[in-house]
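One structure below.
The values are calculated or read from the model by the stated rules, or taken from the named source; none is laboratory data. Treat the numbers as computed from the prediction; the structure is a model and nothing was measured. So basically every Cβ, Gly included, is an ideal-geometry build from the backbone, and we count neighbours across all protein chains shown.
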Amino acid sequence: MTVSRGKNWEVRFDFKALEKKWGKYNDRVAKVMTDETVKEMKKSLKKRNNSSGMSPSSPGSPPAMVTGDLIKSIKAKKFRNKKNKTDYKIVISSPYAKIQENGGTISAKRSQYLTIPLNQEAVELRRSTKNLRNIKSLFVIQKKGKEPMLVKKVRNGIKPMFALKRTVYLAPRPFIRPAVKKVLNRSEKIIAEMNKGNK
């Protein structure tokens with residue numbers, strides 16, 4: 001497997017390294033293996049549906065699905081390789097792919113703080129609003145020795161809505177490498193079934 005990380009992530013199988021197992025390069029094999037890997041990636045993400053967005057998947061497991069944008073961004077693409085042969089690759093256009101796969105620190109860039117939703121209402125509010133500063137019912141409070149919070153005024157006082165943090169560390173939640181590994185382990189069976197269907 002080769003992975004290139006430009007604007008989009010691109011995943012391709014290294015046929016030279018797999019020649020003993022799969023035989024010489026064949027565009028039908030490239031297509032079926034690419035399609036199977038896309039299915040496996042999407043399956044792993046759908047399996048852990050998390051519609052609330054409040055309970056992230058455990059570190060080391062594929063990321064929980066909230067909006068479905070990551071799944072939608074995974075596509076198999078046909079192209080011409082350096083030898084001018086038909087080839088296939090997986091393109092993942094979501095900007096969240098890298099941080100989910102490898103983990104890392106997320107820092108505030110366009111504003112002073114990252115806004116971390118603390119409840120389902122906050123999740124829905126962030127989805128539907130481009131700029132939380134435009135919501136007049138929200139305001140910032142900060143207790144001594146504590147990080148600031150974005151809160152909402154309610155009848156009985158205030159309701160915490162967002163934690164405000166300058167940085168957040170996200171542990172790896174890989175979905176690319178595990179999918180590729182599973183498909184590689186089943187590759188001989190997949191190719192045999194493909195050849196059987198083409199006879």
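Take the residues in region 116-161 that are of a type in the set (Val, Ile, Thr) and under 21 Å from Ile106 (Cβ atoms), then tell me which one is modelled with the highest pLDDT.
Restricting attention to region 116-161, the residues satisfying the condition of being of a type in the set (Val, Ile, Thr) are 116, 123, 129, 135, 140-141, 151, 154, 158.
Those left that are additionally under 21 Å from Ile106 (Cβ atoms): 116, 123, 129, 140.
Values: Ile116: 89, Val123: 83, Thr129: 84, Val140: 93.
Restricting to residues being of a type in the set (Val, Ile, Thr) and under 21 Å from Ile106 (Cβ atoms), the top hit is Val140.
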Q: Could you please find all residues in region 2-29 being at pLDDT below 75, touching a helix residue (DSSP H, G or I) at 6+ places or on another chain (Cβ under 8 Å) and in a strand (DSSP E or B)?
A: Val3, Arg5
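Residue-by-condition table, conditions (1) assigned to a loop (DSSP other than H, G, I, E, B); (2) not assigned by TED's automatic domain parsing to the domain that holds Val66:
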position	(1), (2)
Glu121	no, yes
Lys136	yes, yes
Leu164	no, yes
Ile191	no, no
Q. Which of the residues spanning region 103-115 are in contact with a Ser or Thr (Cβ under 8 Å, 6 or more places away or on another chain) and either modelled with pLDDT of 90 or more or not small (Gly, Ala, Ser) (or both)?
A. Thr105, Ile106, Ser107, Leu114
(Q) Just to be sure before I move on: is Ile71 surrounded by 12 or more Cβ atoms within 10 Å (Cβ to Cβ) and either in contact with a Lys or Arg (Cβ under 8 Å, 6 or more places away or on another chain) or under 29 Å from Asp14 (Cβ atoms) (or both) in the structure I sent? (A) yes
(Q) The conditions are (1) out of contact with any Gly (no Cβ under 6 Å at 6 or more places or on another chain); (2) farther than 26 Å from Asn26 by Cα, and Arg186 fails exactly one of them. Which is it? (A) (2)
